[in-house]
Amino acid sequence: MSLTDNINLNKILSMKKLFLVFSMFIILSHTVFAAPDYRFMMQSCDTEYENASKRANTTIEIVQGIDTHTECYKTIVSEIITSKYKQNHESMWNNFIQYIDSAADATSYIQRPDSCYPQCGSIIGINAATSKFDAAKQYLEQLIQINQ
């Protein structure tokens, strides 16, 4: 691959990232005329994760992809809590963060043996990130079910 091809590829990847940010901004900034479609927002997060996971080659990239997916869900949770639970939004948000962090911590402690086998650190990291994501997804799905 030549230097020019590499530069063009980097430009294309940068444009894709900018498009994603722009798309998420459009999705998350709802208007007065239409209520946000939270399921569609979730699907956008899922689609971006699927695309990113196909590019992941290392454990770090896999964990980062799961973390980015979780962050995308957290953005939607934040929007729902801020708009629908104005009186309790701060405590709800803090409880949500504690809930998903506890899921990751519990998985990490449960799977951490006294002596580690080859690649156990990588597996524990992926499983902890997945537990945190699963908790965020479950919480988000419940919020959507109640609020739509």
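Ranked highest first by average number of other Cβ atoms within 10 Å, how do 60-66, 89-95, 127-133 line up?
Order by mean packing, descending: 127-133, 60-66, 89-95.
Of Thr70, Gln145, Met92, which is farthest towards the positive pole of the stretch 68-148's charge dipole, taken about the Cα centre with +1 and -1 on the beta-carbons of Lys, Arg and Asp, Glu respectively?
The one lying farthest along the dipole's positive direction is Gln145.
Testing the spin-label approximation: label points 7 Å from Cα along Cα→Cβ at Ser102 and Gln64. State their distance in nm.
3.1 nm
Simple spin-label model, 7 Å along Cα-to-Cβ: Gln87 to Lys54 in nm?
A separation of 4.8 nm, rounded to one decimal place.
Throughout, read-outs are computed from the coordinates displayed, never taken from laboratory work. These numbers were taken from a predicted model, which means no experiment stands behind them. Quick reminder, even Gly has a Cβ in these numbers, built from the backbone with ideal geometry, and neighbours come from all protein chains shown.
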